[in-house]
Amino acid sequence: QVQVVESGGGLVQPGGSLRLSCQASGSIFRIYVMEWYRQAPGEQRELVATITGGGSTNYADSVKGRFAISRDNAKNTVYLQMNSLKPEDTAVYYCSARLGSVPFWGQGTQVTVSS
């Protein structure tokens, strides 16, 4: 069982920035595929960003150029830097540590973009 804990959410004004953090347990963190998802009220959960063990990244079209995912294997932590935030980025953000096809989820952290 992999424990996943997110942090860093909060309230931010449009155009602002936030950095989310996600720490996962396990001595083989470096091979996990780490992903950030988000779910807005009444919407399906959507994949926002992915980073592989080798550092390859992929982003949803809606966040390309604004969000950046990175990882620090020494700290078992993945980050999501979110810039130029928009009201439509408001959602609960979930981190997933995936080993093969099995995902382990965190509890989520709320991000609210509002003036």
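The string of couplings for region 8-15 from the Karplus curve (6.51, -1.76, 1.60, θ = phi - 60°) is x, x, x, 9, 9, 7, x, x Hz, one whole number per residue in order, with x for Gly and Pro. Model label sites at K64 and L11, defined 7 Å from Cα along the beta-carbon direction, differ in position by 3.4 nm.
The Stokes-Einstein estimate for region 35-115, based on a Kirkwood radius over Cα pairs and taken at 10 °C with 1.306 mPa s viscosity, is a diffusion coefficient of 120 µm²/s. The gain in end-to-end length when the S56 to Q3 segment is fully stretched comes to 16.8 nm, 0.36 nm per residue minus the alpha carbon separation. For region 34-89, trypsin sites (Lys or Arg not before Pro) are listed when DSSP marks them as loop and at most 12 other Cβ atoms sit within 10 Å of their Cβ; the list is K64.
Using 0.36 nm per residue of separation minus the Cα-Cα distance, give me the extension gain between Q107 and R19 in nm, one decimal. If you can, show how the numbers build up before the last one.
On the way: separation 88, 0.36 × 88 = 31.68 nm, distance 1.68 nm.
Value of the extension gain: 30.0 nm.
Amide H contacts under 5 Å for R71: Y79, restricted to partners 5 or more places along the chain or on a different chain, H placed in the peptide plane at 1.01 Å from N. Computed over the chain, relative contact order equals 37 percent, with contacts defined as Cα pairs under 8 Å that lie 6+ residues apart.
Values quoted throughout were computed directly from the atomic coordinates according to the rules given, and no laboratory measurement underlies them. Bear in mind that the values here come from a model prediction, so they are computed numbers and not experimental data. Cβ coordinates were reconstructed from backbone atoms using ideal geometry, including for glycine residues, and neighbour counts include every protein chain displayed.
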